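Note sheet for the following structure.
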Amino acid sequence: MAMTKTQRRNAFSAFRYLMLTFWLLIVAFPIFWMVSTSFKPDSEWFAWPPVYISENATLQNYLVVWADVSEYATNEKGELQTYTQSLQRPWEALGNSAIISVIATTLSVLFGSVLAYGVSRYQILSEGRMFQLLMLRMVPPIVLVAPISIWYSSLGLLDTILGLVMLYFLTTLPYAVWMSKSFIDEVPREMEQAAEILGASRARTIWEVVLPLVRSGLVATFLFILILTWSEYLLALLLSKTAVVTLPVELSKYQGSTEGRVYGRQAALSVGITLPLIVVGMIIRKHLARGFSFGMVRR
Amino acid sequence: MSRIELVDLRKEYGNVVAVKAMDLTIEDGEFIVFVGPSGCGKTTTLRMIAGFEDPTNGEIRIDGTVVNEKEPGDRDLGMVFQSHALFPHKNVADNIAFGLRMKKVPQDEQAARVKEVSELVRITHLLGKMPAQCSGGESQRIALARTLVTEPSNFLLDEPLSSLDAKLRRELRAECDRLHDELQKTFIYVTHDQEEAMTLADRIIVMNQGEIVQQGTPMEIYSDPVSYFVADFFGNPAMNLIDGEFAKSGDGMEFKSGHFDIPLPIKFSAVTPGSGTLGIRPENVGIGASSGGATIEREVELVEPLGKDTLLYFETEEARPFVAVIEGTEEVKRHANVTINFPDDAIFLFDGNGDRIR
């Protein structure tokens, strides 16, 4: 039986929602698993069949990781014994990560957008140069690590906050230039010229006309780069030893030959890593919707 | 007083010459329309006057002062853009007040002038709205108000109406005319629409390939085009232009082309034989009764009644049909044979280079 136009449209709509739901499940499952595991007692970390939502939910993982509460375990003789994971410093790592990624991202967006303005309006970089800039991102980071660590060690930048800030700033700059350029390109030149002929200075025009129109885009760029630097692992692992530990590096310490596989603790730490990004995203969500949809300027 | 002089003005982009050595004086209070096809250099010229483009060569003088080195904001100009270029994040009142704020006009005077100018262009009801809430026509009025409020001596308008639909365009065209009348300021208007040029201009500057090809009042341009290009550009429907040959025929000359062999009026007896073009405006083509001049018989291919007038189409050698306009919805049927009349004084001739033969 042939479907009417309305039926066809409804069927398509249902199919679309089905696909989206399916996709959402795939994407959301790891996050669900992380949160779920973070509340599981140790006996359920490896349980088979797997425990999806623990009936014995506990805050123990959080307390151990974030509040440094001592853990108890039975030793071979059957005695209760305390042991602490003295190597782990999650709060310090959180602080380092916050400082490094916020400073590096701010610098990157600041310099990147200024550069992008020059490219967009004055072609200070040719198209070829712009692609070369992007190509910087195609270099596998591992290639950079050896020369940079040699260089950094002679400069005394190894294992320092400044060292990581510099590196993150430079490696994310191409993204900042490319992303903010796309937003600046969206602002018609005529709009700036209209301000100019009405007597506004260059600085005034940028401040009053360009900036308000690209603000959402810059916020979106900021978040994008913040996520990159916040979760960067390889460079942080290889260019820091002990003094400066970032969260992704810290996370790796919960799984290894000496630590075993403490999934619950790791999950509790992961939640702590993810949460700040979600909070930032919530705060600026108004800008994100606008920034990523490029919808501010009506032509 | 404000007089704009362009002296030997030239603009090159790499190897491309956008404007070739232009000399032009625009008098105070004149309504000047630059018209021509896209790429003819009209917008580049306007942008040089505004100060957005630096001339490669030559001078721009406003009131006798060379302004080449002056910033756009210091040239005593107002400009309306094709895209309106309203600031989307400011409401209408703030958009209009922008120029006053930049010029540090006191707050209360700003408000008074915004009110005054929005009454002038009839947008007082829009002042609290955001530009995105306004229609295209309203946006253009706001853009006008934003320019008017700073009271410049010269207004530059860059295809201000081309993004609007036909009805609004006519409405705002009349508005432009009214404003020019009321303000008595210099208007420099760029358009590719010959109808806008005809209706608005005191003086039309016809440009092609970076050069002024003709300038004059709308009637001069219409009735006395200097070249094939100008003849073709002005008038709606466009002038009939038939390519063919001029040949001797007895004492006089004859125009020969496949479908139209027409003896030429006596004043053209001295035309050099060779290839050329014959032009006649559709509204000057006579149908039926002869009013002197050459006549030929042809079959009507298509009849297009427009209400007040009717267009008759005839087959030609070229893709473009030969068109005649007759008044009313006279009973001329498709495929009927009619007499086409070429009144002597309605015939234009152009030589092989497209220059007018007089």
Number of positions in segment B:317-329 that are more than 15 Å from residue B:285 (Cα to Cα) and of a type outside the set (Gly, Ala, Ser) | 4
Of all residues making up segment B:72-98, the number that are more than 7 Å from chain A (Cβ to nearest Cβ), touching a helix residue (DSSP H, G or I) at 6+ places or on another chain (Cβ under 7 Å) and assigned to a helix (DSSP H, G or I) | 5
Of the residues that sit in segment B:247-270 and are buried (at least 20 other Cβ atoms within 10 Å of the Cβ) and modelled with pLDDT of 85 or more, which one is farthest from residue B:357 (Cα to Cα)?
-> B:262
Determine whether residue A:122 is aromatic (Phe, Trp, Tyr) and in contact with a helix residue (DSSP H, G or I) (Cβ under 6 Å, 6 or more places away or on another chain).
-> no
Residue A:175 surrounded by 18 or more Cβ atoms within 10 Å (Cβ to Cβ), among the aromatic types (Phe, Trp, Tyr), touching a helix residue (DSSP H, G or I) at 6+ places or on another chain (Cβ under 9 Å) and over 30 Å from residue B:149 (Cα atoms) | yes
Selection from segment A:9-54 of residues that are farther than 24 Å from residue A:272 by Cβ and not in a helix (DSSP H, G or I) = A:48, A:49
Please work out which one of (1) assigned to a helix (DSSP H, G or I); (2) exposed (fewer than 15 other Cβ atoms within 10 Å of the Cβ) is the condition residue B:173 fails and give its number.
-> (2)
So residue B:122, is it within 9 Å of chain A (Cβ to nearest Cβ) and either part of a loop (DSSP other than H, G, I, E, B) or touching a Phe, Trp or Tyr at 6+ places or on another chain (Cβ under 8 Å) (or both) = no
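Here is a yes/no grid of residues against (1) of a type in the set (Ser, Thr, Tyr); (2) in contact (Cβ under 8 Å) with a residue 12 or more places away in the chain; (3) surrounded by 13 or more Cβ atoms within 10 Å (Cβ to Cβ):
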{"residue": "A:3", "(1), (2), (3)": "no, no, no"}
{"residue": "A:14", "(1), (2), (3)": "no, no, no"}
{"residue": "A:28", "(1), (2), (3)": "no, no, no"}
{"residue": "A:39", "(1), (2), (3)": "no, yes, yes"}
{"residue": "A:49", "(1), (2), (3)": "no, no, no"}
{"residue": "A:63", "(1), (2), (3)": "no, no, yes"}
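Per-residue answers, yes or no, for (1) within 10 Å of chain A (Cβ to nearest Cβ); (2) surrounded by fewer than 22 Cβ atoms within 10 Å (Cβ to Cβ):
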{"position": "B:23", "(1), (2)": "no, yes"}
{"position": "B:28", "(1), (2)": "no, yes"}
{"position": "B:38", "(1), (2)": "no, yes"}
{"position": "B:70", "(1), (2)": "no, yes"}
{"position": "B:100", "(1), (2)": "yes, no"}
{"position": "B:103", "(1), (2)": "yes, yes"}
Which of the residues belonging to segment B:131-156 are within 10 Å of chain A (Cβ to nearest Cβ) and under 10 Å from residue B:86 (Cα atoms)?
-> B:131, B:132, B:139, B:143, B:146
Residue within segment B:147-162 that is out of contact with any Asp or Glu (no Cβ under 6 Å at 6 or more places or on another chain), farther than 24 Å from residue B:98 by Cα and at pLDDT below 90 present | yes
So, in segment A:188-203, of the ones that are assigned to a helix (DSSP H, G or I) and of a type outside the set (D, E, K, R), which residue ends up farthest from the other protein chains (Cβ to nearest Cβ)?
-> A:203
Scanning segment B:44-68 for residues that are of a type in the set (Val, Ile, Thr) and either at the interface with another protein chain (Cβ under 9 Å from one of its Cβ atoms) or surrounded by 17 or more Cβ atoms within 10 Å (Cβ to Cβ) (or both) gives B:44, B:45, B:49, B:60, B:62, B:67
Out of B:133, B:107, B:82, which single residue is surrounded by fewer than 20 Cβ atoms within 10 Å (Cβ to Cβ), assigned by TED's automatic domain parsing to the domain that holds residue B:182 and in contact with a Ser or Thr (Cβ under 8 Å, 6 or more places away or on another chain)?
-> B:82
Are any residues in segment B:212-232 in contact with a helix residue (DSSP H, G or I) (Cβ under 6 Å, 6 or more places away or on another chain) and within 20 Å of residue B:319 (Cα to Cα), and if so, which ones?
-> none
Residues that are closer than 18 Å to residue B:233 by Cα: which strands (runs of 3 or more DSSP E) entirely in segment B:318-358 hold 3 or more of them?
-> B:322-327, B:348-351
So, first residue acidic (Asp, Glu) in segment A:240-254, second residue surrounded by fewer than 18 Cβ atoms within 10 Å (Cβ to Cβ), Cβ within less than 9 Å, six or more apart or across chains; the pairs are A:250/A:89; A:250/A:92
Determine whether segment B:281-299 contains at least one residue that is touching an Asp or Glu at 6+ places or on another chain (Cβ under 6 Å) and over 26 Å from residue B:221 (Cα atoms).
-> no
Say whether the condition of being crowded, with 21+ Cβ neighbours inside 10 Å, touching a residue at least 12 places away in the same chain (Cβ under 8 Å) and part of a loop (DSSP other than H, G, I, E, B) is met by at least one residue in segment B:197-209.
-> yes
Among B:148, B:156, B:164, which is the only one that is surrounded by fewer than 23 Cβ atoms within 10 Å (Cβ to Cβ) and either touching a Lys or Arg at 6+ places or on another chain (Cβ under 6 Å) or in the same structural domain as residue B:31 (by TED's automatic domain parsing) (or both)?
-> B:164
Does residue A:162 count as farther than 30 Å from residue B:75 by Cα and without any contact (Cβ under 8 Å) to a residue 60 or more places away in the chain?
-> yes
Contact list, first residue from segment A:131-153 and hydroxyl-bearing (Ser, Thr, Tyr), second anywhere and in a helix (DSSP H, G or I) and surrounded by 12 or more Cβ atoms within 10 Å (Cβ to Cβ), beta-carbon distance below 8 Å, six or more apart or interchain, is A:149/A:238; A:149/A:239; A:152/A:163; A:152/A:239
Being surrounded by 14 or more Cβ atoms within 10 Å (Cβ to Cβ) and in contact with a Pro (Cβ under 9 Å, 6 or more places away or on another chain) is the filter here, so list the residues in segment B:291-314 that pass it.
-> B:293, B:294, B:301, B:311, B:312, B:313, B:314
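The values are calculated or read from the model by the stated rules, or taken from the named source; none is laboratory data. All figures in this text were calculated on a predicted structure; none of them were measured in a lab. In this analysis, Cβ positions are derived from the backbone assuming ideal geometry, glycine residues included, and neighbour counts consider all displayed protein chains.
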